[in-house]
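Please read the structure below before turning to the comments.
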């Protein structure tokens with residue numbers, strides 16, 4: 001799926017992502033990068049709203065797993081189970097979320113192929129103007 005097609009899919013299926021004006025900028029080889037503008041996600045202080053930061057992180061991890069599961073021809077119900085993040089600095093411009101497949105991806109797939117529920121932790125990193133502004137660990141559950 002191209003970044004443009006994936007952006008359209010997200011904005012159709014998760015309407016909040018349209019309001020956030022997020023845009024998938026990179027997808028492939030076990031990595032995903034999403035951008036969102038400050039204007040659609042600002043708080044009264046003129047910086048990125050913390051809820052938008054958390055949401056973009058969750059969406060980045062979920063979207064990465066969704067794409068990779070589709071490539072494996074697996075279609076489980078994929079949901080966020082737990083999200084733990086640290087806000088490191090304010091975002092003052094367009095911000096980006098990056099996620100990549102963890103090392104235990106093969107185990108995750110193996111459990112799903114065996115018809116079992118599987119969980120996977122994904123590290124997510126958000127940046128703004130080349131500065132790290134949030135780090136997170138998201139746990140997703142996949143139900144066959």
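Each value in this text was obtained by applying a stated rule to the coordinates, not by laboratory testing. Note that this is a predicted model, so its numbers are computed, not measured. As a convention, Cβ positions derive from the backbone with ideal geometry for all residues, glycine included, and neighbour counts pool all protein chains shown.
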Subset of region 110-134, residues farther than 30 Å from residue 90 by Cα and part of a strand (DSSP E or B), comes to 118, 119
When region 15-34 is checked residue by residue, the ones that are within 16 Å of residue 63 (Cβ to Cβ) and surrounded by fewer than 17 Cβ atoms within 10 Å (Cβ to Cβ) are 15, 16, 18, 21, 25, 26, 28, 29, 30, 31
If we keep only residues of region 38-94 that are free of Cβ contacts under 8 Å to residues at least 24 places away in the same chain and out of contact with any helix residue (DSSP H, G or I) (no Cβ under 8 Å at 6 or more places or on another chain), then the residue farthest from residue 17 (Cα to Cα) is 73
Any hit, region 103-117, residues being surrounded by fewer than 15 Cβ atoms within 10 Å (Cβ to Cβ) and within 30 Å of residue 46 (Cα to Cα):
no
Counting only residues that are surrounded by fewer than 15 Cβ atoms within 10 Å (Cβ to Cβ) and either over 20 Å from residue 129 (Cα atoms) or more than 14 Å from the chain's Cα centre (by Cα) (or both), region 51-79 contains a total of 7
Matching residues in region 135-144 (assigned to a strand (DSSP E or B), surrounded by fewer than 17 Cβ atoms within 10 Å (Cβ to Cβ) and in contact with a helix residue (DSSP H, G or I) (Cβ under 7 Å, 6 or more places away or on another chain)) number 0
Of (1) in contact (Cβ under 8 Å) with a residue 24 or more places away in the chain; (2) within 17 Å of the chain's Cα centre (by Cα), residue 108 fails just (2)
